[in-house]
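> Can you keep this structure in mind? I'll have questions shortly.
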Amino acid sequence: MAETTTFSNATQILEPFRGVKRVTIEEYFTSGHRTCQGCESALVMKLMVKASGPRTIVLGSTGCMYVANTTYYTTPWVVPWMHTQLGSSGSAALGTAAGLKALMRKGKMKSEPINVIAFCGDGGGADMGLGAISATLTHKEYNSLILLYDNESYANTDIQASGMTPYGANTTFSPPGKVKRLIHTRWKKNMAGMLAAGHPECRYVATVCASYAVEMMNKVRRALTIGGPTFIHSLDPCPKGWDYDPMLSHELGELAIETGIFPLYEVEDGQVKYYGKTKAIVEGRPRKPVREYLLKQGRFAHFIDEDLAYFQAKVDEMWEKWEIPAVVPFRRLDATKEALSAK
Ligand SMILES: Cc1ncc(C[n+]2csc(CCOP(=O)(O)OP(=O)(O)O)c2C)c(N)n1
Ligand code: SF4
Ligand SMILES: [Mg+2]
């Protein structure tokens with residue numbers, strides 16, 4: 001691990017792991033947690049902190065990754081970690097980064113780059129804590145990474161719908177009934193795209209999925225190396241909330257990418273780069289039908305052909321009509337012409 005020379009905004013220089021054999025063997029998220037069998041979010045925590053290394057502070061907002069990970073007197077965290085309020089991952093990241101900087105400036109701590117990572121769930125991050133994350137992404141003078149682990153529900157309180165729950169899914173807030181088959185009919189927020197487009201001081205935004213573990217770790221390393229405020233959105237299959245056999249977690253992550261539902265990309269200094277199978281899709285590889293992903297999950301068991309067709313059409317639109325496919329939702333070119341001719 002190299003380090004930049006001046007402190008002011010120094011970051012650790014974390015080179016990418018060139019293949020799985022080069023990944024370090026040390027673990028900083030170990031045994032002692034009580035997440036469900038097949039929980040991808042727990043894997044995300046493990047990979048996230050493996051990627052960042054030992055000189056890291058982790059902050060986490062309320063949710064499964066707090067509650068199930070830190071039951072009384074047990075914890076899997078080897079690095080320092082702190083719980084923060086459900087909507088506060090942004091504030092915790094900024095406050096910790098600012099506090100460390102002040103202590104080092106005053107000579108109360110050895111001056112060295114320490115990674116600050118705050119994680120949040122989709123409920124805590126994309127709904128309740130969106131304002132605080134947005135504020136943090138405007139402060140380029142502080143280095144922090146906010147990682148949103150998206151299990152697509154308020155899982156810890158028994159699977160309530162969030163702004164990131166997919167269209168039509170069965171949750172405890174949206175159980176399908178005889179009169180109304182679909183209760184949750186909102187399309188999911190475009191969290192990474194929204195943050196990348198709206199925060200000029202944020203130099204790095206990426207999407208990841210733990211089914212592609214090395215790529216995921218390298219994006220964490222890139223974010224921490226670039227510094228300033230950065231953001232990563234991780235899609236995490238959740239056997240309990242999505243209602244499937246835990247052994248399918250890895251496969252469902254892959255299917256989310258292969259169907260084009262969850263694109264893998266990064267935006268670094270305004271430059272979009274696609275990754276893996278998402279890149280192959282952009283280059284012309286056919287997407288798998290969304291039904292292959294949806295029908296493996298009990299939360300979509302009530303879907304009829306009409307629902308599957310709607311879901312497919314929305315994903316097709318994202319790929320075929322968006323200005324930057326699967327990233328920026330404005331309509332291509334025509335939108336510029338329309339804007340120019342608007343009265
Ligand atoms: C201000 C506040 N409101 C409600 C709760 C109750 N609560 C605890 S965890 C949780 C779910 C959080 O969902 P998410 O952020 O998606 O994380 P997940 O549980 O899915 O991991 C809720 C609503 C709380 N702790 N604080
Ligand atoms: S409910 Fe989902 S996110 Fe929470 S511990 Fe279980 S599998 Fe993980
Ligand atoms: Mg959640």
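The values are calculated or read from the model by the stated rules, or taken from the named source; none is laboratory data. Being a predicted model, the structure only gives us computed values, none of them experimental. Neighbour counts run over all protein chains shown; Cβ positions are idealised from the backbone, glycine included. These accessible areas exclude ligands, DNA and RNA; they are computed on the full protein's heavy atoms, side chains included. Shrake-Rupley method; radii C 1.70, N 1.55, O 1.52, S 1.80 Å.
> So, residue 121, is that one under 30 Å from residue 160 (Cβ atoms), within 16 Å of ligand 2 (Cβ to nearest atom) and surrounded by fewer than 18 Cβ atoms within 10 Å (Cβ to Cβ) or not?
No; evaluated as a whole, the condition is false for this residue.
> OK, next. Looking at the structure I just gave you, is residue 46 within 27 Å of residue 240 (Cβ to Cβ) and of a type in the set (D, E, K, R)?
Spelling it out, residue 46 is indeed within 27 Å of residue 240 (Cβ to Cβ) and of a type in the set (D, E, K, R).
> Which of the residues that make up the range 268-314 are under 19 Å from the mean Cα position of the chain (by Cα) and among the aliphatic types (A, V, I, L, M)?
The answer is 272, and nothing else.
> Can you report the number of residues in the range 164-211 which are β-branched (Val, Ile, Thr) and more than 18 Å from residue 244 (Cα to Cα)?
Qualifying residue count, the range 164-211: 6.
> Could you list, in sequence order, the residues of the range 139-166 that are small (Gly, Ala, Ser), in contact with an Asp or Glu (Cβ under 6 Å, 6 or more places away or on another chain) and open to solvent by 10 Å² or more (accessible area, probe 1.4 Å)?
Of everything in the range 139-166, just one residue is small (Gly, Ala, Ser), in contact with an Asp or Glu (Cβ under 6 Å, 6 or more places away or on another chain) and open to solvent by 10 Å² or more (accessible area, probe 1.4 Å), namely 163.
> Find the residue count for the range 196-221, including only residues that are open to solvent by less than 20 Å² (accessible area, probe 1.4 Å) and either more than 19 Å from residue 324 (Cβ to Cβ) or in contact with a Lys or Arg (Cβ under 7 Å, 6 or more places away or on another chain) (or both).
9
> Please determine, by comparing only the residues of the range 109-134 that are more than 11 Å from residue 55 (Cβ to Cβ) and in a strand (DSSP E or B), which one is nearest to ligand 3 (Cβ to nearest atom).
121
> Here's something else I'd like to know. Name the single residue, out of those in the range 256-314 being among the hydroxyl-bearing types (Ser, Thr, Tyr) and free of Cβ contacts under 8 Å to residues at least 60 places away in the same chain, that is nearest to residue 170 (Cα to Cα).
To start, the set of residues in the range 256-314 that are among the hydroxyl-bearing types (Ser, Thr, Tyr) comprises 259, 265, 274-275, 278, 293, 310.
In the following step, the residues that additionally are free of Cβ contacts under 8 Å to residues at least 60 places away in the same chain were identified as 259, 274, 278, 293.
Values: 259: 20, 274: 31, 278: 27, 293: 15 Å.
Only one residue fits best here, namely 293.
> Identify, please: which residue in the range 40-68 is at pLDDT 95 or above, outside any helix (DSSP H, G or I) and open to solvent by less than 30 Å² (accessible area, probe 1.4 Å) and is, among those, nearest to ligand 2 (Cβ to nearest atom)?
63
> Return the residues of the range 25-42 that are of a type outside the set (A, V, I, L, M, F, W, C) and within 30 Å of residue 103 (Cα to Cα); say none if nothing qualifies. Before you say what the answer is, go through the steps one by one.
Initial filter on the range 25-42 (of a type outside the set (A, V, I, L, M, F, W, C)): 26-28, 30-35, 37-38, 40-41.
26, 27, 28, 30, listed by residue number.
> Please state which one of 264, 224, 252 is farther than 17 Å from residue 327 by Cβ and open to solvent by less than 10 Å² (accessible area, probe 1.4 Å).
Exactly one of 264, 224, 252 is farther than 17 Å from residue 327 by Cβ and open to solvent by less than 10 Å² (accessible area, probe 1.4 Å), namely 252.
> Got at least one residue in the range 27-44 being within 16 Å of ligand 3 (Cβ to nearest atom) and touching a Phe, Trp or Tyr at 6+ places or on another chain (Cβ under 7 Å)?
Among the residues of the range 27-44, at least one is within 16 Å of ligand 3 (Cβ to nearest atom) and touching a Phe, Trp or Tyr at 6+ places or on another chain (Cβ under 7 Å), which makes the answer yes.
> In this structure, does residue 129 turn out to be of a type in the set (Gly, Ala, Ser) and over 27 Å from residue 308 (Cα atoms)? Show your work before the answer.
Values: of a type in the set (Gly, Ala, Ser): yes; over 27 Å from residue 308 (Cα atoms): yes.
It is true that residue 129 is of a type in the set (Gly, Ala, Ser) and over 27 Å from residue 308 (Cα atoms).
> Further question: Is it the case that some residue within the range 79-94 is under 19 Å from residue 209 (Cα atoms) and touching a Ser or Thr at 6+ places or on another chain (Cβ under 9 Å)?
No: the range 79-94 contains no residue that is under 19 Å from residue 209 (Cα atoms) and touching a Ser or Thr at 6+ places or on another chain (Cβ under 9 Å).
> Anything in the range 209-249 that is among the hydrophobic types (A, V, I, L, M, F, W, C), closer than 26 Å to residue 91 by Cα and away from ligand 3 (no atom under 16 Å from the Cβ)? List them, or say none.
Within the range 209-249, 216, 217, 220, 223, 224, 226, 231 meet the criteria.
> Of the conditions (1) modelled with pLDDT of 95 or more; (2) more than 16 Å from ligand 2 (Cβ to nearest atom), residue 157 fails just one. Which one is it?
(2)
> Of the residues in the range 167-183, how many are surrounded by fewer than 20 Cβ atoms within 10 Å (Cβ to Cβ) and not β-branched (Val, Ile, Thr)?
9
> Right, next: Which residues, taken from the range 69-86, are open to solvent by 20 Å² or more (accessible area, probe 1.4 Å), assigned to a loop (DSSP other than H, G, I, E, B) and within 13 Å of ligand 1 (Cβ to nearest atom)?
Result: 70, 85, 86.
> So, residue 136, is that one among the β-branched types (Val, Ile, Thr), crowded, with 22+ Cβ neighbours inside 10 Å and within 13 Å of ligand 1 (Cβ to nearest atom) or not?
no
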